[in-house]
Structures are given as structure tokens and as C-alpha cells.
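Here's the structure, in C-alpha cells; my notes come after.
Where a number appears in this text, it was derived from the coordinates with a stated rule and is not lab data. Nothing here was measured: the structure is a model prediction, and the numbers come from that model. Neighbour counts run over all protein chains shown; Cβ positions are idealised from the backbone, glycine included.
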């Protein structure tokens, strides 16, 4: 079987430095331009958010990604979702990908919920007929019927999450990328989302799932990647990798 996701030697480097809080004056802008061309950037400290990350994922797998805050989990998903470009290496996705990488991601704040459903479907490459066919399922799952024609900027974070997950999960992606977003949902909706992930996997959707909720990781995932300091520290069956992660936390405490 061919992989549906293949990452080879992925690395992402960021430069550390002061960030401008106000617009520079003309003189400051000129100085910054001259400094840039003189190579000042090479002297700034750097951090590798990801370093030499390689793995393969096969159709229908549910892969959990765990690790401390700042380990590189979200950077990895952003690269796979084509939001962030890797500094080195390559990530190939051989299927249509849907993602929910943050509350409100992919929404236009001035468009209504209804319009955002069609916008997200179009971004995924679906035609209007396909979106209409899934429209009622999305609305029923998200439970936002009364706010469909309200601009998204009026939505609460919970409403963003409900509609965002419903769109990502119901528009038939072959690959579903989920960052740590379900934690802000109430318990009943979390349960419904986890069941939807199971159903999607059984239907052949490949899922990459970042979470600090280790019980969900163990229940849902076929394999788990433990990322630490930008590298894959351990990869394997969910119980073994989660157990190793908990042991490490115990030692660090």
C-alpha cells in the first residue's frame, strides 16, 4: 500500500529577534533595509521548530501527535496543511486535505456561517452541488441553525469550533488534520467529534490528531508520534508511546 502522507527530512527554522510594535519612521525603514542587505539576519539567533522529521502515513490510519507545548506539533500540521513552508525537506500529501488548526481558521469574519460553508468547500475543491449535498449534515452537526446568516465575527469561540469542525469533517476530505482545538468544546460536543473521527477513519479518511488529552489519543489512534524539541522521539502503538511520554513527565517533575 502506498502512503497518503510522506514527510522526508522536514525542518523549520525561525529567526529570533525583537518585533516591531509600531510602524518605523522613514529613516528607520531605510536603516532596516540597509541592515537586511548587509546580512544582519544571519547574525540573529535561530530556533529549529522541526528538525529532520520523517514519517509515512497510510490511508485510513488515525495518527496521534503528542508532546510538550513548543515541541513542534502545530508547526508540523501547518506544514502539512500548506500554511507554512518548510525550511528544508519535503512533505507530500496524495489526497484532498481538510484541516482545523485553530478556532476561526479558514473563516472570513465578514461572511455569514452559510457563506463560510460554501467558501471552505470551494477551498477544498468541491463544486456547489457537492457542498449543497452536505450542507444540512454540517448545520445539524454544528447545531448553529439559528446563526447561519449571522456574520462569523459575531460568533463565540465555541460556535467557531462547532462549525469549523463540522465543515472539516463533513466535506469528505481524504486527509483530516486536527490541532488541539477540541479542548474548548463542551463534553457532549467533544464526544460527538471523537465519534465522527472514528466514523471518518472507518470510511477511509486519514486523520492526524494533535492533542494533550491522552485518553482520547489512546482510544482513537492506531499509531502515535511523540515529538520533542522538534524531533520524533518515539513512534509506535498508542499505549506504548503514551506510556513512555507519561514516564518522561514523571521523571521531569
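Summary of values
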| read-out | value |
| --- | --- |
| Value of relative contact order over segment 170-253, rounded to a whole percent, pairs C-alpha under 8 Å and six or more apart | 23 percent |
| Residue-span extension gain [residue 228 to residue 94] - 0.36 nm each, minus C-alpha spacing | 45.6 nm |
| Inter-label distance, nm, simple model (7 Å from Cα along the C-beta direction), residue 143/residue 218 | 2.7 nm |
| Relative contact order [Cα under 8 Å, 6+ residues apart], the chain, whole percent | 27 percent |
| Segment 88-193: radius of gyration and largest Cα-Cα distance (Dmax), Å | 13.5, 46 |
| Pairwise label distance in nanometres, residue 252 with residue 122, each label 7 Å out on the Cα-Cβ vector | 4.4 nm |
| Interatomic Cα distance distribution for segment 144-236, bins of 5 angstrom, percent | 2, 11, 22, 23, 18, 13, 7, 3, 2, 0 |
| Distance (nanometres) between label positions extended 7 Å along Cα→Cβ at residue 192 and residue 239 | 3.2 nm |
